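What follows draws every value from the coordinates through simple rules; no lab data is involved. Fair warning: this is a prediction, and the values are worked out from it, not measured in the lab. Cβ placement follows ideal geometry from the backbone for every residue including glycine, while neighbour counts extend to all protein chains displayed.
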Amino acid sequence: MEEREITVSKQLIQTEDEFKKLAENNDTFIFLKHSVTCPISRRAFEEFESFANQHEDIPAYYLKVQESRPLSNYIAEQYGIKHESPQAFIFTNGNVKWHDSHSQITAQALAENSR
């Protein structure tokens, strides 16, 4: 089976320093932990992309779990939320306002919880 490339329109974050800067510089933002080998994660990423493309006023970031395990672990530890993949977060004023995982990650859920 040929793996198709995902078109990425939002910013990839790979380090704790990058994450800390975006958390300091954004009042509200969306963040997705994405597994590049999981079909459920691919679907969640598509929902994330759909939301981000329709809500360009809300910054959207993601990490690839396989490439950024230390950052993924940092987020889980820093915010006290067990790691899952895929996993989406809405951060507001440095805190997690909402999070969910797997098939619960939809463009609609992101839109409803980012208000």
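Using a simple charge model, +1 on the beta-carbon of Lys and Arg, -1 on the beta-carbon of Asp and Glu, nothing else, what dipole does the range 11-113 show about its Cα centre, in debye to the nearest 20? Intermediate results must be reported in sequence, preceding the final value.
Working: 9 positive and 15 negative charges, 68 e Å.
Once rounded to the nearest 20, the dipole reads 320 debye.
From the Cα gyration tensor of the range 11-113, with a ≥ b ≥ c the square roots of its eigenvalues, which class applies: rounded if a/c is under 1.5, or else prolate if a/b is larger than b/c, or else oblate? Intermediate values should be presented prior to the final figure.
Working: a/c = 1.44, a/b = 1.06, b/c = 1.36.
Here the range 11-113 falls in the rounded category.
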Q: Just subtract the alpha-carbon distance of Leu22 and Asp57 from 0.36 nm times their residue separation and send over the number in nm, one decimal.
A: 11.1 nm
Q: For the chain, please report how many Lys pairs fall under 20 Å Cα to Cα, leaving out neighbours fewer than 8 apart on the same chain.
A: 16
